[in-house]
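Inspection log for the structure reproduced underneath, given as structure tokens.
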Amino acid sequence: QVQLVESGGGLVQAGGSLRLSCAASGGTFSSYVMGWFRQAPGKEREFVAAINWSSSSTRYADSVKGRFTISRDNAKKTVYLQMNSLIPEDTAVYYCAVDFSFAVATTPGRYDYWGQGSQVTVSS
């Protein structure tokens, strides 16, 4: 069983930056697709970014392209989400997740394990 623990969330002013980390334990981390999702109050969970096992393939939601960067360090079993030029609309609980497949997916239902979430709040 895979366990995921997010960290790095917090309160930041608009235009600022944060880096989220997600540490994995259990399983073979280097074989998994890793994704980031977010959920704002009253809204459905939405895709943010995902990366395949070798970092050769990444996908981003249109709303974060050019501002967010996903990366991973297989030796550290950690995936990161660098978030720059944050805007108030980025305020949400951010979740990392693992997908036991090779193709990068954007739908939450494809992912098998989830972290507990990390709150990101962007003030205007």
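The values are calculated or read from the model by the stated rules, or taken from the named source; none is laboratory data. Small disclaimer: the values here were computed from a predicted structure and weren't measured. No Cβ is skipped: glycine too gets one built from the backbone with ideal geometry, and neighbour counts run over all protein chains shown. Note: accessible area is taken over every heavy atom of the protein model, side chains too, but ligands, DNA and RNA are not part of it. Shrake-Rupley method; radii C 1.70, N 1.55, O 1.52, S 1.80 Å.
Which residues, counting only those in segment 13-40, are in contact (Cβ under 8 Å) with a residue 40 or more places away in the chain and part of a loop (DSSP other than H, G, I, E, B)?
ALA14, GLY15, GLY16, SER17, GLY27, TYR32, ALA40, listed by residue number.
With the checklist (1) modelled with pLDDT of 95 or more; (2) open to solvent by 20 Å² or more (accessible area, probe 1.4 Å); (3) in contact with a Phe, Trp or Tyr (Cβ under 8 Å, 6 or more places away or on another chain); (4) not aliphatic (A, V, I, L, M) in hand, flag the one item GLY117 doesn't pass.
Result: GLY117 fails condition (2) only.
Within segment 1-12, restricting attention to residues that are outside any strand (DSSP E or B) and surrounded by 14 or more Cβ atoms within 10 Å (Cβ to Cβ), which residue is farthest from the chain's Cα centre (by Cα)?
Taking segment 1-12 and keeping what is outside any strand (DSSP E or B), we get 1-2, 8-9.
Subset that is surrounded by 14 or more Cβ atoms within 10 Å (Cβ to Cβ): 2, 8-9.
Details: VAL2: 16, GLY8: 11, GLY9: 11 Å.
Among those that are outside any strand (DSSP E or B) and surrounded by 14 or more Cβ atoms within 10 Å (Cβ to Cβ), it is VAL2.
Out of the residues in segment 45-55 that are farther than 19 Å from GLN116 by Cβ and over 10 Å from the mean Cα position of the chain (by Cα), which is least open to solvent (accessible area, probe 1.4 Å)?
In this case the residue turns out to be ASN52.
What is the residue count in segment 14-33 for residues that are within 16 Å of PHE68 (Cα to Cα), open to solvent by 30 Å² or more (accessible area, probe 1.4 Å) and of a type outside the set (A, V, I, L, M)?
Final tally of qualifying residues: 3.
Among the numbered criteria (1) surrounded by 13 or more Cβ atoms within 10 Å (Cβ to Cβ); (2) in a helix (DSSP H, G or I), which single criterion is violated by GLY109?
Just one mismatch for GLY109, condition (1).
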